[in-house]
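See below for the structure under consideration.
Read the figures in this text as sums done on the coordinates, not as results from a lab. Since we're looking at a predicted model, the values are computed, not measured. Please note: Cβ atoms are built from the backbone with ideal geometry, for glycine as well, and neighbour counts cover all protein chains shown.
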């Protein structure tokens, strides 16, 4: 609704920022995304991922996990078209 | 409290999950799973071809359906197992040691697809040759010698094994 979507976080690759079981609210941006944004991405190989944008170019972003020990590397995820971005995380509801 | 409310909604609405999880970098890599899957593909090809061209009984049609499905699954497994080793284990030092690995992996992908698409045993044999070459290259990067022997079960083909211990 209005581009908002709720997602439940699975895994530890965004620790300590996002933990397993947390919920996030994402919003589809109409303008460009920025370095540092946490985004939900529909990756063609890895499925729906939540990662932080580490680098941008006009039509694509490079992603990284907060926890390198448990995250796909940026190289493996590769540059992702902004068309694959489902939304930017705008609200975080931590598990108790 | 808000989290509890969302959990309640989640049970009925089933919110999408966003994965903050991927490979645990456990460093456990072994091409044997790809080799066994390849042997399975050859075995399924043999069993399919044994059914022949004559009209099949209902029981044989059911058997054929299962064999084709398992061939599909195991050929995909070969591709997946090789892809993971190439994508996760191989880094620049390994690429330098095995400079033709990209072409080798690509050929495995193509031949794996051919095995899914048809029932020609030659494709299965070619896949085994390629996967054995990949296995040999993998063990070489670990400084482990290999030897070739006939596997002690159908399809009784030549397989590259590491010399361990």
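Find the centroid of the Cα atoms in the stretch B:48-70 and in the stretch A:1-69, then give the distance between the two in whole Å.
Rounded to whole Å, the Cα centres lie 47 Å apart.
Taking a ≥ b ≥ c as the square roots of the eigenvalues of the Cα gyration tensor of chain A, is the shape rounded (a/c under 1.5), prolate (a/b larger than b/c) or oblate?
Judged from the Cα gyration tensor, chain A comes out oblate (a/c at least 1.5, b/c at or above a/b).
Determine the calculated [θ] at 222 nm for chain B from helices alone, applying -39500 (n - 2.57) to every DSSP H run no shorter than 4 residues and normalising by the residue count; nearest 500 deg cm²/dmol.
Counting only the DSSP helices, I get -20500 deg cm²/dmol.
How big is the antiparallel share of DSSP beta bridges in the protein assembly as shown, given as a percent to the nearest 5?
Given both bridge residues lie in the protein assembly as shown, the antiparallel proportion sits at roughly 85 percent.
What is the spin-label model distance, in nm, from residue B:129 to residue B:28 if the labels are put 7 Å beyond Cα along the C-beta direction?
Spacing of the two 7 Å Cα→Cβ label points: 3.4 nm.
What relative contact order, as a whole-number percentage, does chain A give when Cα pairs under 8 Å and 6 or more residues apart are counted?
34 percent
Provide the gained length on full extension for the span residue B:142 to residue B:113, in nm with one decimal, where the gain is 0.36 nm per separating residue minus the Cα-Cα distance.
Length gained between residue B:142 and residue B:113: 7.6 nm.
Using Cα pairs closer than 8 Å and at least 6 residues apart in sequence, work out the relative contact order for the stretch B:37-101, in percent.
Rounded, it is 42 percent for the stretch B:37-101.
With the Cα gyration tensor of the stretch B:5-85 giving a ≥ b ≥ c as the square roots of its eigenvalues, does the rule (a/c under 1.5 for rounded; else a/b larger than b/c for prolate; else oblate) give rounded, prolate or oblate?
Details: a/c = 5.53, a/b = 1.59, b/c = 3.47.
Cα axes put the stretch B:5-85 in the oblate bin.
Points 7 angstrom from Cα along the Cβ direction at residue B:95 and residue B:9: gap in nanometres?
4.5 nm
Quick check on the stretch B:108-165: take the gyration tensor over C-alpha atoms, sort the square-rooted eigenvalues as a ≥ b ≥ c, and tell me if it's rounded (a/c under 1.5), prolate or oblate.
Cα axes put the stretch B:108-165 in the oblate bin.
Pop the C-beta distance of residue B:70 and residue B:153 into the FRET formula with R0 = 22 Å and round what comes out to the nearest 0.05. All intermediate terms of the calculation are to be shown ahead of the outcome.
Numbers: r = 16 Å, r/R0 = 0.72.
Efficiency, from the Cβ-Cβ distance: 0.90.
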